[in-house]
Amino acid sequence: MGLRNLVSSGWHERDRNGFVCRNRAPSIPAITAFLPLYPMRLLFSSNHCYLDHSGGAALCTRELLELLAARGIDCRVLTTGILDPERETSLDEVLATLELPVQRFQVELRPGGSAEVIDLGVNGVRVTLMPTVSSRAERSPDLQEATTFLDLPE
């Protein structure tokens, strides 16, 4: 069913009783009915590292967000340094393999205090990463790291 048929068959104006007004043209052009009025924005947040190159879920998520960003959607990621590899892996190792410019800075948290974050762009997706004490899921995040991570979007 084409766009024109979809609009003409199911998107008719209705009178106050709910009956279709067949003789009236749609009040807006058919194509603009399906376009957002504002730019689309998407925030993906996960305590498992978005930059992890060893896990299938992380790779699929990266591919999906990069495809959306390539189509004009403002995609951003808030993540931690928890990785899937069997051994402890530093974030510096992961960032070195990407060969992308990164910025490290302290952000102020609302309840007071601050946290270190790493900010970088990966194929059109802005990534804000909070380092953790360990890259292993069984050791991180601890209670303090989890609280800080939840305070970051504020």
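Each value in this text was obtained by applying a stated rule to the coordinates, not by laboratory testing. On a predicted model such as this, the values are computed, not experimentally measured, just so you know. Here Cβ is always computed from backbone atoms with ideal geometry, including for glycine, and neighbour counts include all displayed protein chains.
Can you compute log10 of I(q)/I(0) for the stretch 63-119 with the Debye formula, treating each Cα as one identical point scatterer, at q = 0.16, 0.25, 0.30 Å⁻¹?
-0.76, -1.14, -1.19
Which ³J(HN,Hα) values, rounded to whole Hz and listed in residue order, are derived for the stretch 90-96 from phi using the Karplus coefficients 6.51, -1.76 and 1.60 in 6.51 cos²θ - 1.76 cosθ + 1.60 with θ = phi - 60°, glycine and proline given as x?
Once rounded to whole Hz, the list reads 7, 5, 4, 4, 5, 5, 5.
Ranking Phe105, Phe44 by Cβ neighbours within 10 Å, fewest first, what do you get? Provide the component values of the computation, followed by the final result.
Numbers: Phe105 10, Phe44 17.
Ascending number of Cβ neighbours within 10 Å: Phe105, Phe44.
May I ask you to order 55-68, 89-102 by the average number of other C-beta atoms within 10 Å around their residues, highest value first?
Working: 55-68: 14.6, 89-102: 13.0.
So the peptides 55-68, 89-102, ranked by packing, come out 55-68, 89-102.
Could you state the principal axis extents of the C-alpha atoms in the stretch 41-151, from the largest down, to the nearest angstrom?
Each principal axis gives a Cα extent; for the stretch 41-151 these are 37, 34, 22 Å.
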